[in-house]
Amino acid sequence: MIALFFVAAIGLSSPSIAAEQDIETTAWQMIDNGAMIVDVRTPEEFAQGHLANAINIPFENIAAEFAKRNIDKATNVVLYCRSGRRSDIAQMSLIEQGYTNTYNGGGYQTLSQQQPK
């Protein structure tokens, strides 16, 4: 009975692991195809390390900064932060402004570790 419970628990946790790997895979596919990379962490976090070619726009400024920079609303954009929470907020802000090709790449550490070689 305990073994059956253990197998069921592993089966339930596997989709979340697979889904997380799919997030990074999709993000890297978009980046490899020329997507704009936006780190929505603080400037201090960005200075400690970031993905190559990423620009830093803190999540609370994302919509205003995109408008200021006149970024086309059809631009492919991959957003990331420390855990994926702030990039989710940033993505929702951009979607509310009419941006149609945004993607939450999740957390910096995980995304950088999954970078294709």
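Rule-based calculations on the coordinates, nothing more; no lab input. Note that the coordinates shown come from a computational prediction; the quantities given were computed from them, not determined experimentally. Neighbour counts are summed over all protein chains in view; Cβ atoms, including those assigned to glycine, are modelled from backbone coordinates with ideal geometry.
List of remarks:
- Averaged over residues, the count of other Cβ atoms within 10 Å places the peptides 69-76, 103-110 in the sequence 103-110, 69-76, highest first.
- Each label point was placed 7 Å from the Cα along the Cα-to-Cβ direction; for Gln115 and Gln29 their separation is 2.1 nm.
- Taking Cβ atoms as reference points and 12 Å as the exclusive limit, the residues near Ala90 contribute a net charge of -2, counting Lys and Arg as +1 and Asp and Glu as -1.
- Here the peptides 83-91, 42-50 are ranked by packing, the mean other Cβ count within 10 Å, and the order with the highest first is 83-91, 42-50.
- Environment charge of Arg41, counting only residues whose C-beta is closer than 15 Å and scoring Lys/Arg +1, Asp/Glu -1: -3
- Taking θ as phi - 60° and the Karplus parameters 6.51, -1.76 and 1.60, the scalar couplings of the range 36-47 work out to 5, 10, 10, 8, 9, 6, 5, x, 5, 5, 4, 5 Hz in sequence order, x denoting glycine and proline.
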